[in-house]
Structure formats: C-alpha cells, structure tokens
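The values are calculated or read from the model by the stated rules, or taken from the named source; none is laboratory data. Remember, predicted model here, so these are calculated numbers, not experimental data. Reconstructed Cβ throughout: ideal geometry from the backbone, glycine too, with neighbour counts over all protein chains shown.
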Amino acid sequence: MEYLLAFVVGGLFCVVGQLLFDLTSWTPGHVLTAFTVAGGLLGGVGWYDKLIEFAGAGASLPISSFGNALVNGAMSEAAANGVIGVLTGMFELTSTGVTAAIIFGFLAAVVFSPRG
Amino acid sequence: MSRNLKEKFQLSAKEYQDMVQQKKPRPPLLKNMVVAFVSGGLICLLGQLVLNFFIGMGFTTQEASNPTVAFFIFLGALATGLGVFDKIAHHTGAGTAIPVTGFANSITSAALEFKREGFVAGVGSKMFLLAGSVIVFGVMTALVIGLISAVI
C-alpha cells in the first residue's frame with residue numbers, strides 16, 4: 001500500500017510540473033523554484049509533513065520537500081532559540097541534499113566530460 | 001504595387017501573433033501528463049524501496065529520507081555524467097525533473113558544461129547556475145515563514 005501511495009502521489013506531483021511546463025512559458029528553473037516555494041509554504045502550515053506521513057517518498061522526493069525541510073529547520077530552531085534560530089536552523093534538515101549535490105556534481109565533472 | 005493591395009497583405013501584430021499561435025505545434029498534453037505521472041511515480045516508488053531499506057538499517061522514518069535523497073542525487077548526477085539523463089528526460093519531462101534527480105541534473109549538467117573553463121572559474125562557480133534560484137528562493141521562503149513563526 002505504501003508503495004502505491006508513493007507512486008500515485010509522486011506521480012501527481014510530476015503531472016502538476018508537466019502542466020506548468022506545457023501550459024506556461026516558464027523555464028524548468030522557474031518550475032523547480034515554484035515547487036520549492038510552494039513546498040515551503042505548505043510546510044509553514046504543517047501540511048507538507050502530513051503529506052509525507054501519508055505518501056512517504058511520494059512527497060519527500062519531489063523538490064518541494066526541499067522547501068518544506070528548509071522551513072521546518074528554520075521554524076524548529078526559531079521555536080527553541082527565537083529569531084536567531086531562523087539563521088542557525090535553516091539548513092539543519094537539508095544539509096544532506098545540498099552537500100550530496102555539490103559532492104556528486106563535482107565528482108561527475110571530474111570523471112566525465114561534456115557531450116555534444 | 002498599388003497602396004491598396006499592399007495594405008491587404010499586411011498583417012497587424014495581433015493577427016501575426018494569432019497565426020503563430022495557430023501554427024505552433026501544441027505539446028501533446030495528455031500523453032505528456034501520463035508519461036510524467038508514470039515515470040515520476042516509478043521514481044518515487046523506487047524511492048520508497050530505498051527509504052524502507054534505510055529504515056531497515058536502523059534509521060527512523062524521518063532520518064531515513066536524508067540518505068534516500070542523497071542516493072537519488074547520486075543517481076541523477078551519475079545519469080547526467082553518463083549522458084543518459086537527457087535521453088530519458090526528453091521523454092519523461094517533469095517525471096524526472098520534479099524529483100530531486102532533476103535538481104542533481106541541473107547541478108551536474110552545469111558543472112560539466114563549464115568544465116572547459118576550469119575547475120575554479122567553471123565547475124566551482126557555475127555549478128549552481130540553474131539550481132541556485134531553487135536554494136535562494138527556498139531560503140527566502142523559509143526566512144519569512146521562520147520569522148513569522150518566531151514572532152507568533
């Protein structure tokens with residue numbers, strides 16, 4: 001059941017993205033940014049975590065979960081340490097993703113050469 | 001040519017735009033949606049498998065999403081480096097762009113594209129050329145919401 005939910009919810013996220021690609025003149029960068037911001041806003045009201053509870057990887061793999069994690073990091077540290085926590089906590093939950101992207105992106109550039 | 005005839009064949013900017021809109025190939029909307037749904041769904045299904053693998057290794061459900069995301073960033077970077085990402089993404093569209101594989105692809109493809117400009121001036125400084133705005137606007141969103149939450 002959890003695999004079906006991950007498939008359906010993750011697929012629906014991508015359908016929304018596809019509609020934005022096809023029906024607007026946004027670049028992929030605009031669409032990914034919009035997803036991140038939307039994930040952050042949904043995270044702010046606590047809905048995104050509920051969606052992750054419901055759909056697992058179906059909600060945690062789309063890029064919107066990056067926005068949600070940034071907001072959660074900022075909010076949980078803000079709750080503990082006040083306004084300064086927004087600065088110190090923001091990347092608490094998302095450091096893995098950003099670190100992995102830098103490391104694997106760099107290593108790929110070392111190992112591979114551009115094509116075309 | 002008489003003035004009259006010339007006017008007859010002249011298109012206003014709006015008429016021209018309408019013609020362009022009519023002739024422009026329309027994306028096959030339904031097909032694209034189905035392909036994005038299936039391919040994106042499959043990535044997330046695979047993600048659930050990886051997530052459960054890490055939970056089996058002793059991570060809590062929340063902790064397990066970090067190594068899962070890292071694994072898919074690895075996959076996205078590898079597929080981009082091998083040159084297969086673009087071939088797949090050509091068919092899958094948002095199905096591979098919306099999951100973190102798309103984030104990894106944007107970073108890796110920029111890093112590779114600017115490799116010829118050197119590792120410092122190219123790879124290092126251009127890596128976030130496309131993905132930078134995801135991080136910047138994600139942070140600004142989190143700043144606003146974080147500040148609001150700190151005040152209330």
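A quick yes/no check of all residues on (1) in contact with an Asp or Glu (Cβ under 9 Å, 6 or more places away or on another chain); (2) acidic (D, E); (3) at pLDDT below 95:
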{"site": "A:G17", "(1), (2), (3)": "no, no, no"}
{"site": "A:T27", "(1), (2), (3)": "no, no, yes"}
{"site": "A:F35", "(1), (2), (3)": "no, no, no"}
{"site": "A:G46", "(1), (2), (3)": "no, no, no"}
{"site": "A:F54", "(1), (2), (3)": "no, no, no"}
{"site": "A:P62", "(1), (2), (3)": "no, no, no"}
{"site": "A:N68", "(1), (2), (3)": "yes, no, no"}
{"site": "A:A74", "(1), (2), (3)": "yes, no, no"}
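Among the candidates B:G41, B:G76, B:G47, which residue alone is crowded, with 22+ Cβ neighbours inside 10 Å, in contact with a Leu (Cβ under 7 Å, 6 or more places away or on another chain) and in a helix (DSSP H, G or I)?
Details: B:G41 fails: in contact with a Leu (Cβ under 7 Å, 6 or more places away or on another chain); B:G76 fails: in contact with a Leu (Cβ under 7 Å, 6 or more places away or on another chain).
On inspection, the qualifying residue turns out to be B:G47.
Does B:G47 fit the bill of being in contact (Cβ under 8 Å) with a residue 24 or more places away in the chain and touching a strand residue (DSSP E or B) at 6+ places or on another chain (Cβ under 9 Å)?
Values: in contact (Cβ under 8 Å) with a residue 24 or more places away in the chain: yes; touching a strand residue (DSSP E or B) at 6+ places or on another chain (Cβ under 9 Å): yes.
When the stated conditions are applied, B:G47 passes them.
Taking segment B:7-38 as the region of interest, how many residues are more than 14 Å from every other protein chain (Cβ to nearest Cβ), hydrophobic (A, V, I, L, M, F, W, C) and exposed (fewer than 10 other Cβ atoms within 10 Å of the Cβ)?
Just the residues of segment B:7-38 that are more than 14 Å from every other protein chain (Cβ to nearest Cβ), to begin with: B:7-16, B:18-19, B:22-23.
In the following step, the residues that additionally are hydrophobic (A, V, I, L, M, F, W, C) were identified as B:9, B:11, B:13, B:19.
Now drop any that are not exposed (fewer than 10 other Cβ atoms within 10 Å of the Cβ), which leaves B:9, B:13.
Within segment B:7-38, residues that are more than 14 Å from every other protein chain (Cβ to nearest Cβ), hydrophobic (A, V, I, L, M, F, W, C) and exposed (fewer than 10 other Cβ atoms within 10 Å of the Cβ) number 2.
Grab the helices (runs of 4 or more DSSP H) fully contained in segment A:36-116, keeping just those with 2 or more residues being at the interface with another protein chain (Cβ under 7 Å from one of its Cβ atoms) and surrounded by 24 or more Cβ atoms within 10 Å (Cβ to Cβ). Explain how you work it out, then say what you get.
On the way: elements: A:47-55, A:57-60, A:64-81, A:84-89, A:95-111.
Filter on segment A:36-116 gives A:57-60, A:64-81, A:95-111.
So which residues in segment B:125-138 are facing chain A (nearest Cβ under 8 Å), in a helix (DSSP H, G or I) and more than 15 Å from A:A38 (Cβ to Cβ)?
Step one: of segment B:125-138, the residues facing chain A (nearest Cβ under 8 Å) are B:127, B:130-131, B:133-135, B:137-138.
Still in the running and in a helix (DSSP H, G or I): B:133-135, B:137-138.
Residue satisfying the conditions is B:I135 alone.
With respect to A:F104, is the statement that it is aromatic (F, W, Y), within 18 Å of the chain's Cα centre (by Cα) and over 27 Å from B:L143 (Cα atoms) true? Lay out the reasoning, then the answer.
Numbers: aromatic (F, W, Y): yes; within 18 Å of the chain's Cα centre (by Cα): yes; over 27 Å from B:L143 (Cα atoms): yes.
Yes: the conditions hold for A:F104.
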